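One structure below.
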Amino acid sequence: MGLIFIIISISIVWVASLWKIFFSHSKSAFLNEGTPLHKKNVLLVVAHPDDESMFFSPTINYLTSKGHNLYLLCLSIGNADGMGSSRKDELFRACVVHKIQLQQVNVLDHPELQDGFGQVWNHGLVAQIIEEEVYSHVIDVIITFDSYGVSGHCNHGDVHYGVRKFLHDSSPGNIEAWELVSINIMRKYSGLFDIWMSNLDVMQHPSGVMHCLLNEHPLKSFQAMAEHSSQWVWYT
Ligand SMILES: [Zn+2]
């Protein structure tokens, strides 16, 4: 009897979560202050090919659907396993799926910014590269990882600290910067159920410093991730 009650309760919450995600159109105000919408030049900074699809797909879908001008800076080709060349090609194919202009995608292969858990990236170098991107594209908004970097990869954290160093040392002052909030492993793998926790987080920050972007195009996200076929070993 107890087990049946638990199964029914989980089913009800699962259906409610599904409804919340697909049918409750609570529109986010992220980068969408006032009307008409002011299109912004947004720079997404990631560490490896596939970061954009694995971690930032809802963000990319949101930004492109709102007409913002998205630039992608990937600081390495992800050559930890010697597959950097393939991974770079996969990134460009994923960007086609995401409808990111390919001339606005910059993938670096810098000797001091190589993929790997043992590779410590110089935050000053990362900041310098970001500064060049910001000034050459007249960037309004930077989006990147938080200090944990979702998966805990040290390169993700270094990207975060590089952005922070740029903002602290040489930002022109009118740039917004946003970080993707890492959540604990229970929430990360709770699937649809996390929608309630994410909304609760946003409600606790009514000043607009936190937003929850629902992925309105999950199929596109899957297709983009599918382009990173060399990385499917992580998910099988
Ligand atoms: Zn990564």
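None of the figures in this text is laboratory data; all of them are computed from the coordinates on show. All of these numbers come straight from a predicted model, not from anything done at the bench. Neighbour counts run over all protein chains shown; Cβ positions are idealised from the backbone, glycine included.
Every test in (1) free of Cβ contacts under 8 Å to residues at least 24 places away in the same chain; (2) within 18 Å of GLY116 (Cα to Cα) is passed by LEU200 save one, and that test is (2).
Filter segment 202-217 for residues that are part of a loop (DSSP other than H, G, I, E, B), aliphatic (A, V, I, L, M) and surrounded by 11 or more Cβ atoms within 10 Å (Cβ to Cβ) and give the result.
MET210, LEU213, LEU214
Taking the criterion of being more than 16 Å from the ligand (Cβ to nearest atom), closer than 18 Å to SER230 by Cβ and either of a type in the set (D, E, K, R) or part of a loop (DSSP other than H, G, I, E, B) (or both), the residues of segment 36-93 that qualify are GLY82, ASP89, ARG93.
Could you check, for segment 113-125, whether at least one of its residues is more than 25 Å from ASN69 (Cβ to Cβ), among the β-branched types (Val, Ile, Thr) and either within 16 Å of the ligand (Cβ to nearest atom) or part of a helix (DSSP H, G or I) (or both)? Within segment 113-125, one or more residues are more than 25 Å from ASN69 (Cβ to Cβ), among the β-branched types (Val, Ile, Thr) and either within 16 Å of the ligand (Cβ to nearest atom) or part of a helix (DSSP H, G or I) (or both).
If you go through segment 138-166 and keep only what is touching a residue at least 60 places away in the same chain (Cβ under 8 Å), within 14 Å of the ligand (Cβ to nearest atom) and in a loop (DSSP other than H, G, I, E, B), you end up with just HIS153.
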